[in-house]
Amino acid sequence: MNERNFSIKVLLNVEQGGYSSELLAKIPKNLNSQLIRQLVLGVIENNIFLEMAVVEELDKPDKTLPQEVLTILKVGVYQKFFMNSIPDYAIVNESLNSCEYFKVTQYKGLINSILRNIDNSTIEKKISNMPSVNDRLKVKYSVGDDFYDFLIGNYKIKTIRKILNSFSEVPNLVIRINNLKITKSKLENEFKKLDIRFEEHPFLENALIIIKASNLFETDIFKNGYFTVQGGASILASKVLNPEKNSKILDICAAPGGKTCHLSELVSNTGEILANDLHGHKIEKIKENAKRLGCKNIKYSNFGATSFNGDLVNSFDYILLDAPCSGSGIVSRNPEIKLRRTKKEIEELVITQREIMDNCLKYLKVGGFLVYSTCSIFKQENEMQREYFLDRYENIKPVEFSYRDNNISYLSLMPYEKGADGFFISKFQKTSS
């Protein structure tokens, strides 16, 4: 299988509900991962634009094409419009070869005709003539109707443009220094020896932004657990919880485990952390990472966070509730989110978040602290949830924490901010039973 056909297979899986970040982690070593990532993410990021361009070329615009044919065309059109280094004849030949691989040879003539005749200026002119700025933005940035409606309901057009622009940018590669094994200065010296370029993180002392590095994850310093890859906002959430040594901590929705391991570091491997996740295979990945990082105070469970667990009542000094959410703050890592997230899904997630919070407050000791966080930029999952919690529960109060020398009780980070994804963090203390 070549890079193009592997990319088409990934895109077909995404159409069936898969996530690009998980699928791209399985690229065979004999293939060019950089090219595959460019094709897959480029097609998803421009999906509506590409599909409109294809439909414009059909004799019957309402004609339904097999998904394999449409995906072959979208990859070809993306290469033609956005990858100037590939000559047109090569794009056509590769697309026709893909017809053979995916057994849709009866569409060769159609694909050949569309890719030879399609004109970028035609579709761009159609977009520019759209009377509504909202319609133009939805097509230009390939955003689904429901997702865009949530953006409009939360932000002004100027901010929406910044958000949408950030979705198509390569996210910062942030690493957290594992102070269980190495100091920041020593790790920086190791990076310099290996010619790994980095810069300071804008709001975290124990993190760096990697600028350029080849084979970063093949180095001994990675294999020995001196650092781990973790988003800046995710690092901040554990830091805001700020657990004391020898305390008992619950990470209720722990996967992929970055925050769990950070909590272990923050308490210097003392006390006990219960890392829970509904999916057993994700627990295994947390265990692998914890072993590499030298985290020794973690126990594991895999029950559904929305199901009440009577054995955990009044058991924890600290709880980290990084809730299931829309993922609207991490679209640059999973661009399919902006296309397929629906209003119904987000409304259901809001209910789920409340159910988990209800259980967590029963698991928290009186006087204990809880951090509620999401990787969302929608107020329905963030500020409005925080107000709901404070109104619903008389036995909690907001707790201030420090961020960039300011004391605040909640924080909304935007996806265009350096060193962070779109993220929300709020902190509470349980005042009575």
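Here are some notes:
- Condition check for Lys60: at pLDDT below 90, assigned by TED's automatic domain parsing to the domain that holds Asn112, outside any helix (DSSP H, G or I) and of a type outside the set (Asp, Glu): yes
- Some residue of segment 158-169 being over 30 Å from Glu355 (Cα atoms), in a strand (DSSP E or B), at pLDDT 95 or above and over 17 Å from the mean Cα position of the chain (by Cα): no
- For segment 204-224, residues that are in contact (Cβ under 8 Å) with a residue 24 or more places away in the chain and of a type in the set (Asp, Glu) total 0.
- Among strands (runs of 3 or more DSSP E) entirely within segment 222-321, having at least 3 residues that are more than 27 Å from Ile408 (Cα to Cα) and out of contact with any Pro (no Cβ under 8 Å at 6 or more places or on another chain) singles out 272-276, 298-301.
Conditions tested, residue by residue: (1) crowded, with 21+ Cβ neighbours inside 10 Å; (2) in contact with a Phe, Trp or Tyr (Cβ under 9 Å, 6 or more places away or on another chain); (3) not in a helix (DSSP H, G or I).
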position: Lys9; (1), (2), (3): no, yes, no
position: Ile27; (1), (2), (3): no, yes, yes
position: Glu56; (1), (2), (3): no, no, no
position: Val75; (1), (2), (3): yes, no, no
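- Taking segment 369-403 as the range and being assigned to a helix (DSSP H, G or I) and touching a strand residue (DSSP E or B) at 6+ places or on another chain (Cβ under 8 Å) as the test, the residues that pass are Glu383, Gln385, Arg386, Phe389, Leu390.
- Check on Ile177, modelled with pLDDT under 95 and buried (at least 18 other Cβ atoms within 10 Å of the Cβ): no
- Per-region count, segment 308-358, residues touching a residue at least 40 places away in the same chain (Cβ under 8 Å) and either of a type in the set (S, T, N, Q) or on the phi > 0 side of the Ramachandran plot (or both): 10
- If you filter segment 250-277 down to residues that are touching a Ser or Thr at 6+ places or on another chain (Cβ under 9 Å) and among the aliphatic types (A, V, I, L, M), you find that the one that is surrounded by the fewest Cβ atoms within 10 Å (Cβ to Cβ) is Val267.
- Within segment 188-203, residues that are within 15 Å of Leu173 (Cα to Cα) sit with their Cβ atoms under 6 Å from residues that are in a strand (DSSP E or B) and of a type in the set (Gly, Ala, Ser), at 6+ positions apart or across chains, in these pairs: His201/Ala207.
- Number of positions in segment 271-305 that are more than 26 Å from Phe217 (Cα to Cα) and either among the acidic types (Asp, Glu) or not assigned by TED's automatic domain parsing to the domain that holds Ser247 (or both): 1
- Counting only helices (runs of 4 or more DSSP H) that sit wholly inside segment 95-155, those with at least 3 residues that are closer than 22 Å to Asn334 by Cα are 133-140, 145-154.
- Residue match in segment 315-333 (condition: in the same structural domain as Ala254 (by TED's automatic domain parsing), modelled with pLDDT under 95 and either surrounded by fewer than 21 Cβ atoms within 10 Å (Cβ to Cβ) or not small (Gly, Ala, Ser) (or both)): yes
- Residues in segment 277-297 that are closer than 14 Å to Asn178 by Cβ and either touching a residue at least 40 places away in the same chain (Cβ under 8 Å) or not small (Gly, Ala, Ser) (or both): Asn289, Lys291, Arg292, Leu293, Gly294, Cys295, Lys296.
- Options Gly419, Gly368: the member that is touching a His at 6+ places or on another chain (Cβ under 8 Å) and under 18 Å from Val240 (Cα atoms): Gly419
- Matching residues in segment 78-124 - criterion: being among the aliphatic types (A, V, I, L, M), under 14 Å from Arg4 (Cβ atoms) and in contact with a helix residue (DSSP H, G or I) (Cβ under 8 Å, 6 or more places away or on another chain): Met83, Ile86, Ile91, Val92, Leu96, Ile111, Leu115
- One residue alone among Ile286, Ile298 is within 20 Å of Asp311 (Cα to Cα) and either hydroxyl-bearing (Ser, Thr, Tyr) or crowded, with 19+ Cβ neighbours inside 10 Å (or both), and that residue is Ile298.
The values are calculated or read from the model by the stated rules, or taken from the named source; none is laboratory data. What you see is a predicted model, and the numbers here were worked out from it, not measured in a lab. Positions of Cβ are backbone-derived with ideal geometry, glycine not excepted, and every protein chain shown enters the neighbour counts.
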